[in-house]
Each structure stands twice: as C-alpha cells, then as structure tokens.
1. Find the residue count for segment B:1-13, including only residues that are touching a strand residue (DSSP E or B) at 6+ places or on another chain (Cβ under 6 Å) and open to solvent by 30 Å² or more (accessible area, probe 1.4 Å).
2. I need the helices (runs of 4 or more DSSP H) fully contained in chain A, keeping only those with at least 2 residues that are without any contact (Cβ under 8 Å) to a residue 12 or more places away in the chain and away from chain B (no Cβ under 13 Å).
3. Residues to consider are B:Gly75, B:Gly39; find the one that is over 40 Å from the mean Cα position of the chain (by Cα) and open to solvent by 60 Å² or more (accessible area, probe 1.4 Å).
4. Pull out all pairs, ordered by first then second residue, where Cβ-Cβ is under 8 Å, the residues are six or more apart or on different chains, the first lies in segment B:34-54 and is at positive phi, and the second is loosely packed, with under 15 Cβ neighbours inside 10 Å and not in a helix (DSSP H, G or I).
5. Check off (1) modelled with pLDDT under 85; (2) at positive phi; (3) open to solvent by 100 Å² or more (accessible area, probe 1.4 Å) for B:Lys59 and give me the number that stays unchecked.
6. For segment B:1-100, please list each of the strands (runs of 3 or more DSSP E) lying entirely inside it that holds at least 2 residues being out of contact with any helix residue (DSSP H, G or I) (no Cβ under 9 Å at 6 or more places or on another chain) and closer than 28 Å to A:Ile69 by Cβ.
7. Out of B:Leu94, B:Leu80, B:Leu16, I need the residue that is within 12 Å of chain A (Cβ to nearest Cβ) and surrounded by 11 or more Cβ atoms within 10 Å (Cβ to Cβ). Which one?
8. Taking B:Ser89 and the conditions (1) open to solvent by less than 40 Å² (accessible area, probe 1.4 Å); (2) at pLDDT below 85, which numbered condition does it fall short on, given that it satisfies the others?
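The values are calculated or read from the model by the stated rules, or taken from the named source; none is laboratory data. Source: prediction; values computed, not measured. Cβ coordinates were reconstructed from backbone atoms using ideal geometry, including for glycine residues, and neighbour counts include every protein chain displayed. Just the protein is used for accessible areas: all its heavy atoms, side chains included, with ligands, DNA and RNA removed. Shrake-Rupley method; radii C 1.70, N 1.55, O 1.52, S 1.80 Å.
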Amino acid sequence: MPSYKNRKCHFCENQLEHIDYKNVSLIEKFTSQYFKIVPRYYSGACLKHQKKLTTAIKNARIMGLTSFIR
Amino acid sequence: MENLETTKYEIMLILLPDLGEEKTKNELDEVRSVISENGGEIFNEDLWGVREFAYRIKKLDEGYYAVFNFTMEPGKLKKLDKPLVLNQSVLRYLIVKTPNSHEIITLEEYEEKAAKEKAEEDKKKEEKEKGKSAPRPKPKPKPKAKVEKVEKVEKVEKKEEPKKEEPKEEKPEKEEEPKEEPKKEEKKPAAKLDDVDERLRSIIDDPDISL
C-alpha cells in the first residue's frame, strides 16, 4: 500500500482506460473479503476509474463470474 | 463516414450446459444470423465452453459461455433483445459497448496472466519469510540498559534534594500567623527526607532494585 500523500490510481499509472468485466483476477483485487466493492479511500482509484470499476464488477456478477455475497 | 455510424459491441451468452454439441452449434448459429440480419458484422469469436458459475442460476451450477465481438448501428441494437429473450436455451446475455481502441483479450490470456501474477506473489512471500527469519535474532543489547538505569537513579538523587529544601524556606515567610500548620508540614518533609535517604542508600548498595 503506497503512502496516502503520494499514492496514485492503479489504472492511471498502468494506462488501463477500459476495465474489462471478464478480467476476474483484476476485479477481485478491488473487492473485499465478502465480495463487496471496496470504497475509493481504500482502493485508491480516481473517481473516473472507480465508476468504471463498479460497472465492471456488477456486470461480472450478473454473468456469474464473481459472486454477490460470500 | 460509414465507420462513424457503426459502433463496436460485445455480447456474452450463457447457454444451458447439457444441450449437446449439435444443439449448441445450432443455437450459436441462430444468434449469428440474428446479428447479421440487423446489419451487424462479427469480427471475433471466443467460445469458453462449459464453466462453473460463482453462484447458482436457476438451479444450475454450470453454463456454456460464448463471446462475440461485432459492429452494428446503435439504433438497431434493441432488435437483438426479443429473439434472445424468447430463446429458452439462453440463460442470460449481456451486451456491452467497447471503445474503438479496445484490444480483444481472450479468456485464456487472462488466465495465463493471473497464473503468472500468482507465481510472482508466491515468490515474494517466500523471500519475505526468509528475510524475516534471518534478522530477528539481532536485538540482544540488554546489558546496556542496566548501566543506563544506574545513571538515572543518580540523577534523581540530585534533583530531589533541592526541591524539598525550597518549601521550607518559603512557607514561614509568607504565612506567619498560622504557626501550627506549617510546623506539622515541616515535620512531615523531614520524616520523608529520612525515608528517601534510607531508600537511596539501599539503592546504592543494590543498584538492581527498581523503584
């Protein structure tokens, strides 16, 4: 975990504009122990990418790739 | 100008797992024909095969996954919905808009990447465990602490003596009328001083004892 002052968004750093809902290993990094979406002050993502992340996670849940609850 | 009118989409289908090879082929052909009838062009296919769900869907634990990438005019997209909803062998479907610069990555590539990342993490963990076990036995400089304690005790002696001499001088000057009270107070600090002296002597004799 980077320090709070100098930390940057994970997607801005790696230039991932489009977050794919099929990329399950990436999506599960941003869900909690109980498969809930991690809020922005823990995930460190910027607002633009956090919104894309939530849609990707919700799409993956609907298609049965990740679960809603544990 | 023609490219601007069409946009790129991606559709994911979940079919029933126990249809058999021929029926799944027929169902996929139906979907392809529906897309092509509405002026769409499929430029990529990715058939995942039967895969386990993360949770139960309609009392099923598995499903046949298929992904198509196609281009279509945005106005005609809604015409895909009716045949897909009416088709009973389609469990669920999802249509997503993809950007023009989007690189198509198949499921196998994602899984390879995930496996690589896992291997790297495991390596790092092993290294950390090795690093932790080595430097731990270093902190054993306890004999130094004992020497410091003795020095502190000596300093405390010097500080305590001047503090208790001051109140003796001040109190009789300020309050002369109530003579009884200060006398009692004078007696008490004297007794305290004797106690402190005894303690200090015992500490000097055996410096290991801590107050």
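1. Final tally of qualifying residues: 2.
2. Details: elements: A:10-14, A:24-27, A:40-43, A:47-62.
Of the helices (runs of 4 or more DSSP H) lying wholly inside chain A, those with at least 2 residues that are without any contact (Cβ under 8 Å) to a residue 12 or more places away in the chain and away from chain B (no Cβ under 13 Å) span A:40-43, A:47-62.
3. Sole residue among the options that is over 40 Å from the mean Cα position of the chain (by Cα) and open to solvent by 60 Å² or more (accessible area, probe 1.4 Å): B:Gly75.
4. If the second residue must be loosely packed, with under 15 Cβ neighbours inside 10 Å and not in a helix (DSSP H, G or I), the pairs left are B:Gly39/B:Glu73.
5. Going through (1) modelled with pLDDT under 85; (2) at positive phi; (3) open to solvent by 100 Å² or more (accessible area, probe 1.4 Å) one by one, B:Lys59 breaks only (1).
6. Where strands (runs of 3 or more DSSP E) fall fully within segment B:1-100 and carry at least 2 residues being out of contact with any helix residue (DSSP H, G or I) (no Cβ under 9 Å at 6 or more places or on another chain) and closer than 28 Å to A:Ile69 by Cβ, they are B:7-15, B:41-57, B:60-72.
7. Within the list B:Leu94, B:Leu80, B:Leu16, the selection yields B:Leu94.
8. Of everything listed in (1) open to solvent by less than 40 Å² (accessible area, probe 1.4 Å); (2) at pLDDT below 85, B:Ser89 misses just condition (2).
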